[in-house]
Amino acid sequence: MTKRTVTIELASGLEVRPIAMLVQLATSYESKIYVQSEGRKVNAKSIMGMMTLDLPVGEKVVVTAEGEDEEKAVCDIEKYLSNN
């Protein structure tokens, strides 16, 4: 299992379009991927689940992945959320 704390640095936070892009990115990996914020943990491959988190700029989240491509998945999601 790979786990990393990431700060949301997307200009608009995680609104509908950035969430859709995040879900698309997460879906490209075989690993199970979760995003956790304030005690709520959702599947990063679920657009409805991700929308329930309502994450603004500057919010810290924990990204967790488990599977054969977990390290790359967490790294790429961190890059996306950090706007790099």
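For Asp76, what charge total do you get from the other residues with a beta carbon under 12 Å from its beta carbon, if Lys and Arg give +1 and Asp and Glu give -1?
With Lys, Arg at +1 and Asp, Glu at -1, the net is -1.
Which far-off residues, 5 or more places away or on another chain, put their amide H under 5 Å from the one on Leu55, with H placed in the peptide plane?
Amide H to amide H, under 5 Å and 5 or more residues apart or across chains, Leu55 pairs with Leu14.
Could you tell me which residue out of Ala26, Val62, Tyr80 lies farthest along the dipole of region 2-81 toward its positive end? Charges go on the beta carbon: Lys and Arg +1, Asp and Glu -1, centred on the Cα centre.
Among Ala26, Val62, Tyr80, the one farthest towards the positive end of the dipole of region 2-81 is Val62.
With runs of 4+ DSSP H residues as the only contributors, calculate the mean residue ellipticity of the chain at 222 nm using -39,500 (n - 2.57) per run, divided by the residue total and rounded to the nearest 500.
Here the helix-only value at 222 nm equals -10000 deg cm²/dmol.
What net charge do the residues around Leu14 carry, taking every other residue with its C-beta under 12 Å from that of Leu14, with Lys and Arg at +1 and Asp and Glu at -1?
After counting each charged neighbour, the total is -3.
Under 13 Å from a label point 7 Å along Cα→Cβ of Glu38: give me every residue in region 54-80 with its amide N that close.
Answer for this model: 54-57, 59-61.
Give, as a single signed number, the net charge of other residues whose beta carbon lies under 10 Å from the beta carbon of Lys3, with Lys and Arg counted +1 and Asp and Glu -1.
For residues surrounding Lys3, the net value is -1.
Here, each number is a calculation from the coordinates, and none is a lab measurement. The structure displayed is predicted, hence computed values, not measured ones. Counting neighbours? That spans all protein chains shown, and the Cβs are built from the backbone with ideal geometry, glycine included.
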